[in-house]
Structures are given as structure tokens and as C-alpha cells.
1. Note down the relative contact order for region 176-284 as a percent, whole number, built from C-alpha pairs under 8 angstrom at least six residues apart.
2. How high is the FRET efficiency between Asp440 and His229 when r is their beta carbon distance and R₀ equals 45 Å, given to the nearest 0.05?
3. Report the local net charge at Val209: Lys and Arg +1, Asp and Glu -1, summed over other residues whose C-beta lies under 15 Å from its C-beta.
4. Which peptide among 47-53, 295-301 comes first, and what is the full order, when sorted by highest mean count of other Cβ atoms within 10 Å?
5. In Å², and per residue, what accessible area does region 414-511 have when probed at 1.4 Å with the other protein chains present?
6. Among the helices of the chain (complete DSSP H runs), which have Cα atoms covering no less than 15 Å along the helix axis and a Kyte-Doolittle mean of at least -1.0?
7. Here is the link list: Lys17/Lys417; Lys12/Lys61; Lys417/Lys555; Lys455/Lys480; Lys17/Lys44. Which ones come out longer than 23 Å on Cα distance?
8. Before rounding to the nearest 500, sum -39500 (n - 2.57) across all DSSP H runs of length at least 4 in the chain and divide by the residue total; then give [θ] at 222 nm in deg cm²/dmol.
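The values are calculated or read from the model by the stated rules, or taken from the named source; none is laboratory data. Note that this is a predicted model, so its numbers are computed, not measured. Please note: Cβ atoms are built from the backbone with ideal geometry, for glycine as well, and neighbour counts cover all protein chains shown. Remember, those area values only see protein heavy atoms, side chains included, never the ligands or the DNA or RNA. Shrake-Rupley method; radii C 1.70, N 1.55, O 1.52, S 1.80 Å.
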Amino acid sequence: MSCNPSFGGVGKGHLMKEIDALDGVCARICDKSGIQYKVLNTRKGPAVWGPRAQIDRSLYKKHLQEELFNNTPNLTFLARPVEDLILTTNSQPDSDVCKQLVQGVRLDDGQCIHGDTVVLTTGTFLRGQINIGLETRPAGRVGDAPAIGLAKSLEDAGFTVGRLKTGTPPRVDGRTIDYTGLSPQPGDDPPQPFSFLNDAVWIKPEDQVMCHLTHTNSTVDKIILDNLHLDRHVQEETTGPRYCPSIESKVLRFPKRPHQIWLEPEGLDTPVVYPNGISCTLPAEVQVDMVRQIRGLERAEVMQPGYGVEYDYMDPRQLKASLETNRIKNLFFAGQINGTTGYEEAAAQGLIAGINAVLKAQDRPAFTVSRTEGYIGVLIDDLTTQGTNEPYRMFTSRAEFRLSLRPDNADERLTEKGHQAGCVSHYRYHTFMDIKHSLDRSLQLLKSFSQSSAKWKRQLKYDLLSETKSGTQSAFDLLKYPDITISRLVDVVPELRHLVPNRQLCNRLKIEATYACMMKKQEQEIQEVRRDEAMALPDNLDYTQLHVSTEVIEKLALTRPQTIGAASRIPGITPAAMVQLLRYVKHFKRQKHGSETQELSPA
């Protein structure tokens, strides 16, 4: 964990649940090493809730190493820099560009490691360069050398290479922070596990650490603006992350506005605090001045300055949906080499690339996840069809089918498919089947108890919504109402009592009921987009007239998609924006047709 000591969040938490459903390890490790668990975005519906955990770096490393070294058979580790790919002519190319075949890698000491398939997960190391103020030095991260030879090998192989940048905040000594007056941010009680295999996490609710919230101010802004000439990272044209920008970028883009800073402890046995929200590349001494102008940090000791990293990435449009490259057969890319940002996006790609590397070596069909099946599918489809010119981050707004792609049902969507591919263990598969059978039986049971709305209202002493039609409703139908739970229904239907102790099952039943009707409504919008996705977009369309976010307008105006279908595949264009665009185009064409008709009409 080289950056933020946390996993999950809105969109990212969805990926974590899907990774777990496919038997990836990071969710299980988080359940053993988290020090605060919190579901974000709970003011909105469960489809967009974001499970998140603050992680103890040392515990995560310990449990991950134990899992890999002791519980993963047939896995060999060798820590050496890779300098080059071992390539040969591809005698059976499947396209004009796929003229080479990878057979392994060559290490910096000349040693060759041969393999039928190769997966590259280079992070920020390809020609990596660290920036602090005006100082630059070659590095993939602090203390680690960059991968220069491998970057040149990929460029020589014909890959289209781009350049991105990211950053990290200064680390602060928590013992020197004055938490008085700061806003405490407690974890959930009870904390929710990431993994479908776990009913609870390792830590007790009362033992979770407290995070705190503070803000920047006008003095911080002034220090930043006065020292921008000393900040090479900000001056560079290389694109940084839009959704996790540096504090310098925030001050420039949103002046005279306080910005949130989340003070997040990095572990139980370390004083290091991660001030999430002030990623910074100013000179080290300026960073100290800036930090000490923030409320609560007036006497804080900076243990390590923040820094920026520039690195090479490969245009992900050079990949198949399996993450195999189009240019070199049997070579797979995953993570930041594909232009993404974040642990979760990298883990999702690494999982898919790893699965497909094995399947390719076994001469079996590729394993892919579609946009309708998961956020992993959305991630990979966005990358491979549209590419990215900024570090790509997952958000729920990127998914057209997000009401069905929920954190709670990732196992139903992916575990059986993963088992068929061979990546899901028998233990997980049988556990999933037990959960699925229990869920199916419980749904049938809830639907089997029906009576009139008037009778439910009288027995539950609950004023049902006025829009409820006369007639009968099942116990399942009633679960869609906010105040109706399984526990409350037990008073009327004692046969449901055995469900109450199973908190996870009750939550899933509640969510299923919540979205039962809404799914139909979303399906209508999806069908509207599909019917019209072949519609051509006029070249002179004025996107500023759309009632959508500035981000959506910027992307449409920059890309100028030729069809509705092309517009729908631009990363960040939401389903709601597509509906608005469809209506606007139809209105635009009607107006144009009307004006042409008037011109042709006789006087």
C-alpha cells in the first residue's frame, strides 16, 4: 500500500465486492487488517453505497504475505527488476499488428524467466520520476528505482505510450496534532465486512480508530499561490488525476473555497497520519508552512513531505477485453500501465489479466465481464473502447446498469461464472450456493404471505404510502418501505422469525425489495438508449445547452462523438446524461426540420 492507507469507497467499494466474488484476496485481507470500517453514501440508495475501510499498513502486509507465502500453492516469488521482454515472431497472428509473441522476461542480471504468458503490472515505475518542488529524480516511488529498460522495450515494440502523473500528501505525526475542535469521523457499528465469506470483521466496533475532518483556509491558498513558481509538477503538461487532484490544482480550479482534509491514522502501532486531501508537490519547507496553517495542525511535525510521480502508461485501446495486448500475443497489461488510478482498479484488472493468462496457457476461451455484469466490465470496456487521457477512477455514474450492479449482489453476478472459469475455490463456491439457496428460499417465503393493504396497515400500525393500490400485498412488497424490516414483519408473520439473526441475509432481502420496482423503470431508460444508439449526432450540436454536469459537457465537446452509441461509451457520460442528450438531439432535429419546411413553403 504505497499511497492511501484505505480500500473501497463509492465505486471502488463495488470493485472490491466483485473482486471478492471472483475469489480475489484483497477483500479478505482488509477484513483482517482494517482499523475503521464505514459505508459511504448511505444517504442515497443501497445501489450506490460505498463500503470503505481504513487499513493498518503493517497488518495488511503481514496477512497478505501469510496468504501468498503459506496458503497459495504453486506460487514462486522472485524480486528482481525486469529489463526486457523475450519476444519471437508470431507465426499465427490474429491481426495485422500482432506480429510478435512473448515467451518470458529478461531480468537486469541477464537471467531469463520463460513462460507461455506474461502479465505486466508496472504501477508508476515505467520511466518514473519523482517531483518535489523544482527537484526531480528518477524513481517509481520513494526508495525504489524506475523501470527504464522495460519502458523502452515496450515503446520499441510499437505500443502507443502516454505520460500521466499522480501525487501523495505529506505524512504528519499524529502525536503533534491538536484534535480539539476538529470534527470526529467514527466508523460504523457494527462494521461491515468486504468479503462474502465473512459475517464480521476482526476488530470490535468500539476498538476502531477515529478519523477527523479539518479544512484548508485562505492562508493556505496564499502560501500555495505564492509558491507555484517553485512547483515543477504543477507546471508540467502531464495530466494528473481529475478526481483526486493535488491541493495546488484544487486552489487553482476552485479558488477562495475551503477544501476538506481527512486525518486518517495509518495503523494501530504507528503515529503516522495520512492527511487525505492535500496531495502536494511544493518544496518540503513550504509544505511544512502550509500544513501548520491548517486547523489542528498548527504544531504538527511533517514526517515525510508529499511528492508527485510522473510515469509512462500504454494507451489501453491497444488491449482486448481479456487485457491481452493486440500488438504482442500472450502479453497482458494490468493496473496503472493501462492509465488507471487506485488499488481497487488495479486489483480488478490484475485479477482479470491473471485469470486470462492462465486460460490462454491452457488454450481455453477468455474470461470477460460485460458492462451488464459488473463494474469490472465497465472499467475494462471504458479503457479498451475509449482509452483515457487522465488517471481513470471508478465511479458508480460510469455504470448504465447500476441498480442491478450493487455491492450486495456481486456474488450472484460473478461467483458462479468465476467457478466455471476455475478461479473460484470449491469452498467459496459451496459457501455462495448455500447463501444463494437461503436467499431464494427466503424470497419465496416473503412472497408467499399476502393480504390486503388495509390489513397490513392495521396490524403493523404503519401508514402505507398513498400511492399504494388497493388489493393484496406480500410481505416482500412491504419491505420496500423505509421503516419496514424483517424484524417488524415478524410481529405479523411469526414464520419469518428464523431470518432475524442473519443480519446479512436480512439486509440483502431488504435491498432486493427496495429495487424490485425501480429495476423496471431503469430498464425502460436503457431500452430507450439502445433503440436510438445508432442515431447520428449533428456536427454543429451545441452541448452547452444540455442540462448536465460541466464534466459531461467538456467530454462531449472535446470528443465530438458521431453517434449516440459513441457518446454512450465515453467515460463519465452517465445514463441520465444520455437520456438528456437523446431528447436534446430529437428536439434539435425537429427544430431544424421545421425551419427547413418553412423555407420550402410557398409565400
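1. Working: 126 pairs, mean separation 29.4, N = 109.
Reported relative contact order: 27 percent.
2. Numbers: r = 64 Å, r/R0 = 1.43.
Efficiency at R0 = 45 Å is approximately 0.10.
3. Numbers: positive: Lys38, Arg52, Arg57, Arg175, Lys204; negative: Asp56, Asp188, Asp189, Glu206, Asp207, Glu264, Glu266, Asp269.
Charge balance near Val209 sits at -3.
4. Values: 47-53: 24.7, 295-301: 17.0.
So the peptides 47-53, 295-301, ranked by packing, come out 47-53, 295-301.
5. Details: 5570 Å² over 98 residues.
Spelled out: the 1.4 Å probe surface of region 414-511, per residue, equals 57 Å².
6. Values: long enough: 57-70 (19 Å, -1.24); 343-361 (26 Å, 0.61); 375-386 (16 Å, 0.60); 410-421 (16 Å, -1.61); 426-448 (33 Å, -0.79); 503-515 (19 Å, -0.69); 518-532 (22 Å, -1.92); 575-600 (38 Å, -0.82).
Passing helices, by number: 343-361, 375-386, 426-448, 503-515, 575-600.
7. Numbers: Lys17/Lys417 15 Å; Lys12/Lys61 20 Å; Lys417/Lys555 34 Å; Lys455/Lys480 17 Å; Lys17/Lys44 19 Å.
In this structure, Lys417/Lys555 exceed 23 Å between Cα atoms.
8. Numbers: 20 runs with 220 residues, N = 603.
Result for the chain: -11000 deg cm²/dmol, rounded to the nearest 500.
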